[in-house]
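Read through the structure below, which is laid out as structure tokens, and then see the notes.
The values are calculated or read from the model by the stated rules, or taken from the named source; none is laboratory data. Since the structure is predicted, the reported quantities are computational estimates derived from the model, not experimental observations. Using ideal geometry, Cβ is built from the backbone for each residue, glycine included, and neighbour counts are taken over all protein chains shown.
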């Protein structure tokens, strides 16, 4: 059986891409939270603060843990994830529209299905 993919519905592409992007954003937020917790448990923030203070560059009470607190990091990652969801959805819809234009010119992608 030979089939041709000649048109992509932009609304369908938008829905699927939006849901996959939201899932990716949630995964990204959870991953950053776990990495932050791991770095905090290992003591990376305290070690960097000690290194900076031992060099004599600590003029204003530098504390890396207060700069990169969990709330600050998760807020930044959440904002970036929201932006990524919007950009990915728009990009996928634009690509689907371009595919529709090109497939009218060349006939789309031809797929051959076999019966085993």
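Check whether at least one residue in the stretch 101-108 is within 30 Å of residue 1 (Cα to Cα) and surrounded by 15 or more Cβ atoms within 10 Å (Cβ to Cβ), and report yes or no.
Taking every residue of the stretch 101-108 in turn, at least one turns out to be within 30 Å of residue 1 (Cα to Cα) and surrounded by 15 or more Cβ atoms within 10 Å (Cβ to Cβ).
State whether the residues of the stretch 14-23 include one that is touching a strand residue (DSSP E or B) at 6+ places or on another chain (Cβ under 6 Å), closer than 30 Å to residue 101 by Cβ and either touching a residue at least 12 places away in the same chain (Cβ under 8 Å) or exposed (fewer than 12 other Cβ atoms within 10 Å of the Cβ) (or both).
Checked the stretch 14-23: no residue is touching a strand residue (DSSP E or B) at 6+ places or on another chain (Cβ under 6 Å), closer than 30 Å to residue 101 by Cβ and either touching a residue at least 12 places away in the same chain (Cβ under 8 Å) or exposed (fewer than 12 other Cβ atoms within 10 Å of the Cβ) (or both).
What is the one condition in (1) touching a helix residue (DSSP H, G or I) at 6+ places or on another chain (Cβ under 7 Å); (2) modelled with pLDDT of 95 or more; (3) exposed (fewer than 15 other Cβ atoms within 10 Å of the Cβ) that residue 92 does not satisfy?
Checking residue 92 against (1) touching a helix residue (DSSP H, G or I) at 6+ places or on another chain (Cβ under 7 Å); (2) modelled with pLDDT of 95 or more; (3) exposed (fewer than 15 other Cβ atoms within 10 Å of the Cβ), the one that fails is (3).
From the list 32, 44, which residue is surrounded by 15 or more Cβ atoms within 10 Å (Cβ to Cβ) and modelled with pLDDT of 95 or more?
Of 32, 44, the one residue that is surrounded by 15 or more Cβ atoms within 10 Å (Cβ to Cβ) and modelled with pLDDT of 95 or more is 32.
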